[in-house]
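Novice: Below is one structure. I have some questions about it.
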Amino acid sequence: MRLTPKLLCVTALAALATAGASTAASAGPAASQLVDGVITAAGSTCTWTDAAASADPPAALTIDGGTVNSSLSCTGGASATLNNSPTLTFDDAAGTAASDLIDITVKQSIVTCSYQATGVGWTRDGSTRTYLNETFTASKSSGSFLCPGSITAEPGSASLTFR
């Protein structure tokens, strides 16, 4: 079944929330409290643009799930919904960030699955405001018996760009 790659896309998207820099100047130009995201897995891609963040990195921030969902789209016939607004914290000196909880629901055909991941790590791409995911596993929180019990996102399969 091709559901697992699409669930992976959306789960990593959900991780959608992280970035970092100890000063705004050290991580590129001033941000506008917006974040775009991409995740690719097994040939499927999910994206969103212009999601609202409560602050600019490196300050701790929350990514508004509603604004992620308003432009979230996936290839291959899947749909996804971010069920929360993830909070992110940054360690600019280390070039890392972490999101608290990512809670996402994915639907493929008639199968609906929900997954949660906690403590997802992100690594800043050089001196940019783009962060790439570290490996993480999301556990099934609800859904059909056809849904895998967990899914793993490979490093770099998702990105968050703060602008």
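Novice: How about segment 113-129: which of its residues are part of a strand (DSSP E or B) and either over 27 Å from Gly77 (Cα atoms) or open to solvent by 60 Å² or more (accessible area, probe 1.4 Å) (or both)?
Specialist: Gln116, Thr118, Gly119, Gly121, Trp122, Thr123, Arg124
Novice: In addition: So, in segment 21-37, of the ones that are open to solvent by less than 60 Å² (accessible area, probe 1.4 Å) and in a helix (DSSP H, G or I), which residue ends up modelled with the highest pLDDT?
Specialist: Across segment 21-37, the extreme among qualifying residues is Ala27.
Novice: In segment 131-150, what residues are part of a strand (DSSP E or B), touching a residue at least 40 places away in the same chain (Cβ under 8 Å) and open to solvent by 10 Å² or more (accessible area, probe 1.4 Å)?
Specialist: Result: Phe136, single match.
Novice: Now, a different point. Taking segment 99-112, which residues are farther than 25 Å from Arg129 by Cα and either among the β-branched types (Val, Ile, Thr) or open to solvent by less than 50 Å² (accessible area, probe 1.4 Å) (or both)?
Specialist: Across segment 99-112, the qualifying residues are Thr105, Val106, Gln108, Ile110, Val111, Thr112.
Novice: Out of the residues in segment 79-98 meeting the condition of being open to solvent by less than 40 Å² (accessible area, probe 1.4 Å) and touching a helix residue (DSSP H, G or I) at 6+ places or on another chain (Cβ under 6 Å), tell me which one is modelled with the lowest pLDDT.
Specialist: Ala80
Novice: Find the strands (runs of 3 or more DSSP E) located wholly in segment 38-91 whose residues include 2 or more that are of a type in the set (Val, Ile, Thr), and list them.
Specialist: 44-52, 87-91
The values are calculated or read from the model by the stated rules, or taken from the named source; none is laboratory data. Computed from a prediction, not measured in an experiment: that's the story for all the values here. Every residue, glycine as well, gets a Cβ built from its backbone with ideal geometry; the counts of neighbours run over all protein chains shown. The area values use the complete protein model at the heavy-atom level, side chains included, leaving out ligands, DNA and RNA. Shrake-Rupley method; radii C 1.70, N 1.55, O 1.52, S 1.80 Å.
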